[in-house]
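Notes follow the structure.
The values are calculated or read from the model by the stated rules, or taken from the named source; none is laboratory data. Remember, predicted model here, so these are calculated numbers, not experimental data. Don't worry about glycine lacking a Cβ; one is built from the backbone with ideal geometry, like all the others, and counts go over all protein chains shown. For accessibility, only protein heavy atoms count, side chains too; no ligands or nucleic acids. Shrake-Rupley method; radii C 1.70, N 1.55, O 1.52, S 1.80 Å.
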Amino acid sequence: MTNLPSHTEKKLGLLIDLDICVGCHGCVTSCKEWNSTDDMLPLSDFDSYGDNPDGVFLNRVHGYEIDDGISSQTVHFPRSCLHCETPECVTVCPTGASYKRQEDGIVLVNPDSCIGCKLCSWACPYGAREYDHKQGIMKKCTLCVDRIYNEELAQEERKPACVLACPTSARLFGDFADPESEVSILSEKRGGMTLMESLDYKPVNRYLPPREKQSEKTENAINTFFASENGYVGRNQTQANNAGLDSFFTWLDDKLSSKNI
Amino acid sequence: MRKSGLKQPEIELSKSIADEVKTTTCYMCACRCGIKVHLKDGQVKYIEGNRDHPVNKGVLCGKGAAGIMQHYSPARLTAPLKRIGPRGSGEFEEISWDEALVLATSWLSEIRNTDPRKLAFFTGRDQSQALTGWWASQFGTPNFAAHGGFCSVNMAAAGLHTFGGSFWEFGEPDWDLTEYFMLWGVAEDHSSNPMKRAIGKLKNRGVKIIVVNPVRTGYGAVADEWIGIKPGTDGLFAGALIHQLLVNHAIDTDYLRRYTNASWLIINAPGDDDHGLVARDAQGNPLAFDLASNSLVNANLKSKNHALHGEVELADGREACPSFALIAERFLADEYTPQSVSEKTGIESKTIIRIADELAKTAFEKEIRLKQKWTDWTGETHEEMVGRPVSMHAMRGISAHSNGFNSCRIIHYLQIVLGAIDCPGGFRYKPPFPKAVPPALRPAGKIDDVKAGKPLPGAPLGFVTSPSDLLVDDEGDALRIDKAYSWEAPFSAHGLMHMVIHNAANHTPYDVDLLFLYMANMGWNSSMDIPQTLQNLTKINQKTGEYAIPRIIYSDAYYSETVPYADLILPDTTYLERWDAISLLDRPISEPDAAIDAIRQPIVEPDRDVRAFQTVLIELGARLGLPGMVNEDASPKYIDYADYLVNHERGAGIGPLSGWRGENADQFAVGDPNPDQLKKYQENNCFFASPVPEEARYFKHANKAYLEWAKKHGFIGSENPIIFELYSESLQKFRLAADEKITPHPPAKHKQRVATYFDPIAFWYPPFEDSKTDKNTYAFHAISQRPMHMYHSWGSQNAWLRQITNANKLYMNAERGAELELVDDDWIEVTSHIGSVTCQVKLMDGCQRDTVWTWNAIGKRAGAWGLDPASPEMRKGFLLNHLISALLPEKEGGYHYSNSDPITGQAAWYDLKVHIQKINSPNQQRSEPYFTPITAKITPRNTS
Amino acid sequence: MNPAYSVILFTVLSGAGYGLLAILGFSAVVGLVMISPAINLTMLVVALVLITAGLVSSTSHLGRPERAWRALSQWRTSWLSREGVFAVITYVPAVLLGIVWITEISPNLRLFTLFNVSSYLWVLGGAGSILSIATVICTGQIYATLRTIPAWYYLLTTPIYLLLSVVSGFVIWMFLMSLFGYKTEPTVILMGVFLLELALILKWVYWRYVDRSDFGVTKADAIGFASLTKVQNLEPAHQTKNYLMREMGYQVARSHSVRLRRFASWTCFIIPGLCLLLMLLAPSYQLIGNMTAVVSLFVGLLTERWLFFAEAKHVVTRYY
Ligand SMILES: Nc1nc2c(c(=O)[nH]1)N[C@H]1C(S)=C(S)[C@@H](COP(=O)(O)OP(=O)(O)OC[C@H]3O[C@@H](n4cnc5c(=O)[nH]c(N)nc54)[C@H](O)[C@@H]3O)O[C@H]1N2
Ligand SMILES: Nc1nc2c(c(=O)[nH]1)N[C@H]1C(S)=C(S)[C@@H](COP(=O)(O)OP(=O)(O)OC[C@H]3O[C@@H](n4cnc5c(=O)[nH]c(N)nc54)[C@H](O)[C@@H]3O)O[C@H]1N2
Ligand code: SF4
Ligand code: SF4
Ligand code: SF4
Ligand code: SF4
Ligand code: SF4
Ligand SMILES: [Mo]
């Protein structure tokens, strides 16, 4: 099983929009919640109310300040399994518990055969695998495989829990193998980014970079505004004093009389 | 190495997690999203957003999805508690509900039968103020308020006194049509998920988002432009934008004349009793000057010909001028030029000029014309709805300053001069708003209003329009324990909850016998100066030898920091165990296009000896025999809160819930009680929505169809238009009172203050602490922000949420930190004029240079919340509250005013100024102050 | 990386055991030292005890040790699985060797009456040797193939593992020989010294590499951006340490690691080398010298292995 499929029919994954992620952690706890519904295999917590609270989460959100040398900005960065095409987390697994599904490319851990050797977590560059030391097995994002095909759920609910929860819609789910899918189109259009490309794990998940900020963009447009004819405009000065008040009232007189009387 | 044709394990793809799904309303915060709760074997298994709910349309935030852990928190109270040790010791014995109710009733009835004022009943963010306020007034005490006074009364009061609406529940940007969005001083807001959904959409539509905030996190991170303003200077910035719009003649004069009092003539007769008031005709109508006929006319007969400036001679020969002339004069003055505000606000003047241009350009060049016929209140029919697609939203960054009322009003001016209120693309009212400016409800509680054994003649909270509405005695001293509606805080529409403990413990203005608190952690994160607050709670009255606050009853659901300080604890349920109403009479969840209310229903039965507080309150009311809560034969009128929700009528046919009223369940808002009403709500995802008629969706303040619809459903008392008050005659009346022109007058010590701050035209002044402390010593502004995934102090008991955040640092500008030779994680001492805090520092770029900040309410007191006393919340968490003074530093006259806005009494949390110093001791491992841990030594019932 | 004691013990003990087994096997092949079967058997038992103790220790690293057998299934892709497979197979020739030596000790117990097993000694020895070496190579490869940990993803990782395994086996073998009263040939001793100092040199090369090694992945790459001048942590994803930070985020102070490297160099390579030379010069102190070498070597190996983990940085730390 630790053989990787030579190709997968689909490449299901997430497209995460860093332009609109506000860092609310909605995806974090909704993921935790959905993946804890199985009484036998919840995502464990340790020392929940103690001095060192810890637990298994399959998705976590970091906050960074980045700087490209011109300006600085804050980004929130959700991190979960990227369902890589050639992930060594799978090939290193001695038991076959880790595998990549042929039909859709989802990378999973079989909880019944994992021995908890942790090697896969060493092999994952993205920190996407978390060890559940209560259950002695490895956990990771399942792409909510138990939701997306779940016939108990309404069609529109067959999406990952984190995607449904995300208040800003910064998370999109789809098939990257299908060039017509929403995720492929958006990723293409907005330069979807791959993480740590040089390692050649070929992650399926993509991240949309922050859009160019419109901070100064309108500067040019202002000139047309001055020249506009619609009667509301015409900047004559940027600094006021009593002359400003006089000129304002003169304008007001003109405007009120010319238009309405 | 790779091979296809692998054998993959069979996995269960279609697992079912629940045997039952129920809908209700989330209460992990006050946003009130719709949720679906999945149950298995009677246990809560999974909570997801309800796609069919108007508030969240299915999405869920970090808190909402962690609701399970709140519901199963180890800090939950399990039975009524009676204090047996000293206050603060945490020594309690469990008692039965019957004992608890008998005890509470005996305390309460004694007060009611002697002096109802001796009960101070204050509630937090409970969302049942329609019940609690009514209960207080039936009890007969004016000493009631909810958390608004320490929260955001500046916003509510400024909005309601300006345009009959406000931000949050009162209105929201026209998210679908707006083209330019400015967000002022918001980290998270009450409108949590709707705001996030909207911001996601705006970004995808390419709408420019400007975030005005000293700190760049959360929404600031995704904004197109971050304006790192100096705290407390937003009024100046907004004023400079208005300045620029005036200079550029980019204002909507038509809108001003139609919908505002810009053309109303203001008497200019210094020294006269009515100087600065509106000139009126014999019928009391405001006057305007008609340019066409060159005559004085009734300003309410709106016309395009009314003058907006110029001197006019009144019939009695005195001078007057349109109020707008005064407003233009104020904002065109040098004080508000971009150049002169630049240094104070920390915003470059060219940025201010550019933003003003962008606003103008968007408002006027991207004008929206909706093909929707409508009729205004004058009967004039318009073929289109003209929109100015500029929208704004503001919250506590504005409100939590002592100049917040005025700053907020200036922001509303900005919206109004652009013509951007309740128009397509602008800021939209949510029914039942707009209301009259201000709402026609005066506070009850004057001397004669309070009588032993009798209810108040009205509601304890309301809106003041002239000094005669104040609740003061003949000496001009406050009649309420929190001094609301006194000369110290005349427009305190929500009371001053933050002053209650201080005033009650210090006999100012008088003693109370019983402090009754509900759902507010007043012994910790919602109090200023916590060390002092704790002393006040345990203070001994030297005369009586008893506690200065003799009795405290508190209802909480969890073992919070406040619990050990109460004498009787009434343990509440969790939000999944009770009925609740999110009522149109209170703080509903309407949308601009629909009036909406909602309920919470019990999803599971409590597994502890706890009861829903509302039900307990109704039972207490019945035991006390309060009118409206008992039948003629003195039997209880309502079995429980659910019964009350269905059968209580506030006015004829008007009850807590608006949906499915009347015999046939077909009436909305007004109609007879319907016994099946709650069932209808349950069947409809626990909410009810009534759409606003198509032609009534914009210009609600002036739209005939809307005004009629709103009147019919009891939202407003008359179909009169709601005219915006740019110029506030109410404020001017206080000035005249200070000038002894109208009565009552403020006592001499308050005169100067009233005269200074009651300006009928909004203006900017520096926040008080800034002007009263030494700028060199206290060089930094210190503010807090709400983390999106934590709700005040509740979040820390949540096993999932506390893994994300369980300690906090003080963030500061990286360059500024480097100047102080600070690096990340250094321990620092933060000092204000009343105390100091020790914590760790974190440097960042996105922080205004003179500002430091931290996450709110992360620091916890050891022993609370069911947490290990060695938890990081206690070792590495801290609150700024230890540094925030309840009173202003003494200045002239030896009088300490409360640390609040002088007009509304809003707590000025964000006025705090601090000094920062590095601690070089390598031994510093723990944040300070570290309070002695509290305990929960509870004697079980059967052994007592 | 978190230096897990179970894994350190495993590689040190099993490594030495496989080294010893490889030498025993080799000696069986070439008949280099034809010593008594009883001594051979004792040495074999020592080797198997070391191997088994190591393996048992390694299973305590597993979350589900009872399922350890499953680890044998993925030998096609997984070095860990291969290691397991070789580890198990190695027992076959080793046990057979033992049986042969037992039968040689007491011919009455001769089980294989059909043919003379002793003549196949070289086959069993050879197989034991090769499988031992293969097992150790697999161990080395587990680390050497992890691209996420540049300190391990290195040409010398496996050779060093192998060399250290052989050296430790060799020193123990010499020790056992002298314990049984055999005098070690100077050439053999010199051989030991040579291997020890070769290992030291390789280790130095390795440490130099570690100091220069780099992820080739920046914080900017980690979050997908091609070029950023600065990426700075603002808000952690979680505030107390979680599995990732404990397992991958283990940090050893630079000054501490310099000290430990020096200590490991002395204890693991230099002192044992000197002891061996002492044996050469003062043969009467052979036993005590050899014993000191063994003890020092083990202390050194544990230190070296601890450092191997503690100094290795995982690329996931880029997120933290
Ligand atoms: N997740 C979560 N949601 C909540 C709450 C919670 O605790 N957690 N609390 C609820 C409650 S009770 C309330 S009142 C609301 C409050 O919601 P917000 O108004 O969002 O409250 P704050 O977090 O206080 O945010 C104030 C923002 O103003 C900024 N600020 C401070 N001073 C100034 C200033 O002078 N000018 C400007 N422009 N900005 C300034 C701060 O940096 C901060 O970002 O949130 C509600 N929603
Ligand atoms: N420094 C600083 N201080 C601030 C602020 C700030 O920004 N900075 N913000 C201020 C503002 S705006 C606010 S609104 C206050 C908020 O401050 P508080 O109103 O004190 O808020 P909480 O900490 O949430 O406390 C509410 C209490 O209600 C209890 N509770 C929770 N659920 C239930 C329930 O179902 N039933 C009952 N009966 N009780 C329940 C909780 O256990 C808790 O003890 O803080 C204010 N304090
Ligand atoms: S992200 Fe990590 S766990 Fe997920 S497939 Fe890639 S390597 Fe494996
Ligand atoms: S921990 Fe489990 S899934 Fe990971 S490599 Fe080991 S056996 Fe495979
Ligand atoms: S897809 Fe499912 S498992 Fe993966 S991060 Fe989202 S919620 Fe978690
Ligand atoms: S839920 Fe959406 S917006 Fe919130 S942190 Fe996750 S991805 Fe970002
Ligand atoms: S915003 Fe979150 S916590 Fe608040 S009501 Fe909605 S889901 Fe619940
Ligand atoms: Mo609040």
Quiz prompt | Only one of A:112, A:104 that is at pLDDT 95 or above, in contact with a Lys or Arg (Cβ under 6 Å, 6 or more places away or on another chain), away from ligand 6 (no atom under 16 Å from the Cβ) and assigned by TED's automatic domain parsing to the domain that holds residue A:36 | solution = A:104
Quiz item: Residue check, residue B:68 against (1) within 12 Å of chain A (Cβ to nearest Cβ); (2) touching a residue at least 40 places away in the same chain (Cβ under 8 Å), all met but one. Which one?
Solution: (2)
Exercise. Could you tell me whether residue A:101 is within 7 Å of another protein chain (Cβ to nearest Cβ), more than 22 Å from residue A:76 (Cα to Cα) and touching a residue at least 12 places away in the same chain (Cβ under 8 Å)?
Key: yes
Practice problem: Scan the stretch A:22-58 for residues that are within 16 Å of ligand 1 (Cβ to nearest atom) and either of a type in the set (A, V, I, L, M, F, W, C) or closer than 30 Å to residue B:863 by Cβ (or both) and jot them down. | Solution: A:22, A:24, A:25, A:27, A:28, A:29
Quiz item: Do we have any residue at all in the stretch A:81-96 that's under 28 Å from residue A:167 (Cβ atoms), assigned to a strand (DSSP E or B), of a type outside the set (D, E, K, R) and more than 7 Å from chain C (Cβ to nearest Cβ)?
Solution: no
Self-check item: Filter result (touching a Pro at 6+ places or on another chain (Cβ under 8 Å), in a loop (DSSP other than H, G, I, E, B) and away from ligand 3 (no atom under 16 Å from the Cβ)) within the stretch A:121-167
Solution: A:135
Practice problem: Of the conditions (1) more than 16 Å from ligand 2 (Cβ to nearest atom); (2) open to solvent by 10 Å² or more (accessible area, probe 1.4 Å); (3) closer than 30 Å to residue B:170 by Cα; (4) within 14 Å of chain A (Cβ to nearest Cβ), residue B:13 clears all except one; give me its number. | Solution: (3)
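Okay, residues lined up against (1) small (Gly, Ala, Ser); (2) open to solvent by less than 30 Å² (accessible area, probe 1.4 Å); (3) more than 12 Å from chain A (Cβ to nearest Cβ); (4) without any contact (Cβ under 8 Å) to a residue 24 or more places away in the chain:
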| position | (1), (2), (3), (4) |
| --- | --- |
| B:259 | no, yes, yes, no |
| B:266 | no, yes, yes, no |
| B:273 | no, no, yes, no |
| B:304 | no, no, no, no |
| B:313 | no, no, yes, yes |
| B:320 | yes, yes, yes, no |
| B:330 | no, no, no, no |
| B:351 | no, yes, no, no |
| B:357 | no, yes, no, no |
Quiz item: Just one of B:87, B:76 is within 25 Å of residue B:868 (Cβ to Cβ), more than 10 Å from chain A (Cβ to nearest Cβ) and in contact with a helix residue (DSSP H, G or I) (Cβ under 6 Å, 6 or more places away or on another chain); which is it?
Solution: B:87
Quiz item: Identify, please: which residue in the stretch B:745-804 is small (Gly, Ala, Ser) and within 14 Å of ligand 2 (Cβ to nearest atom) and is, among those, farthest from residue B:903 (Cα to Cα)?
Solution: B:796
Quiz item: If residue C:135 passes every condition in (1) over 15 Å from the mean Cα position of the chain (by Cα); (2) farther than 23 Å from residue C:208 by Cβ; (3) modelled with pLDDT of 95 or more but one, which one does it miss?
Solution: (1)
Practice problem: Please find, among B:467, B:443, the residue that is surrounded by 20 or more Cβ atoms within 10 Å (Cβ to Cβ) and closer than 18 Å to residue B:148 by Cα. | Solution: B:443
Self-check item: Residue count, the stretch A:98-140 (criterion: of a type in the set (Asp, Glu) and open to solvent by 10 Å² or more (accessible area, probe 1.4 Å))
Solution: 2
Quiz prompt | Residues (more than 12 Å from chain A (Cβ to nearest Cβ), more than 6 Å from ligand 1 (Cβ to nearest atom) and in a loop (DSSP other than H, G, I, E, B)) located in the stretch B:775-801 | solution = B:775, B:776, B:777, B:778, B:779, B:793
Exercise. For the stretch B:730-752, name all the residues that are open to solvent by less than 30 Å² (accessible area, probe 1.4 Å) and assigned to a helix (DSSP H, G or I).
Key: B:730, B:731, B:732, B:734, B:736, B:737, B:738, B:750
Exercise. Run residue A:95 past the list (1) open to solvent by 10 Å² or more (accessible area, probe 1.4 Å); (2) away from ligand 3 (no atom under 16 Å from the Cβ); (3) of a type in the set (Val, Ile, Thr) and report the number of the one that doesn't hold.
Key: (2)
Exercise. Run residue A:34 past the list (1) in contact with a Phe, Trp or Tyr (Cβ under 8 Å, 6 or more places away or on another chain); (2) more than 16 Å from ligand 7 (Cβ to nearest atom) and report the number of the one that doesn't hold.
Key: (2)
Self-check item: Complete set of residues in the stretch B:921-944 that are at pLDDT below 90 and polar (S, T, N, Q)
Solution: B:921, B:923, B:924, B:925, B:942, B:943, B:944
Quiz item: Among the residues of the stretch C:48-78, how many are within 7 Å of chain A (Cβ to nearest Cβ) and in a helix (DSSP H, G or I)?
Solution: 4
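The rows are residues; the columns are (1) in contact with a strand residue (DSSP E or B) (Cβ under 6 Å, 6 or more places away or on another chain); (2) under 24 Å from residue B:804 (Cα atoms); (3) of a type in the set (Asp, Glu).
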site: B:867; (1), (2), (3): no, yes, no
site: B:880; (1), (2), (3): yes, yes, no
site: B:894; (1), (2), (3): no, no, no
site: B:908; (1), (2), (3): yes, no, no
site: B:934; (1), (2), (3): no, no, no
Quiz prompt | Residue selected from the stretch A:57-72 under the condition more than 15 Å from ligand 6 (Cβ to nearest atom) and more than 7 Å from chain C (Cβ to nearest Cβ), by the criterion least open to solvent (accessible area, probe 1.4 Å) | solution = A:72
Practice problem: Tell me, yes or no, whether the stretch A:20-33 has at least one residue that is open to solvent by less than 10 Å² (accessible area, probe 1.4 Å), at positive phi and away from chain C (no Cβ under 12 Å). | Solution: no
Quiz prompt | Counted residues, the stretch C:246-267 - those being open to solvent by 30 Å² or more (accessible area, probe 1.4 Å) and over 19 Å from residue C:5 (Cβ atoms) | solution = 7
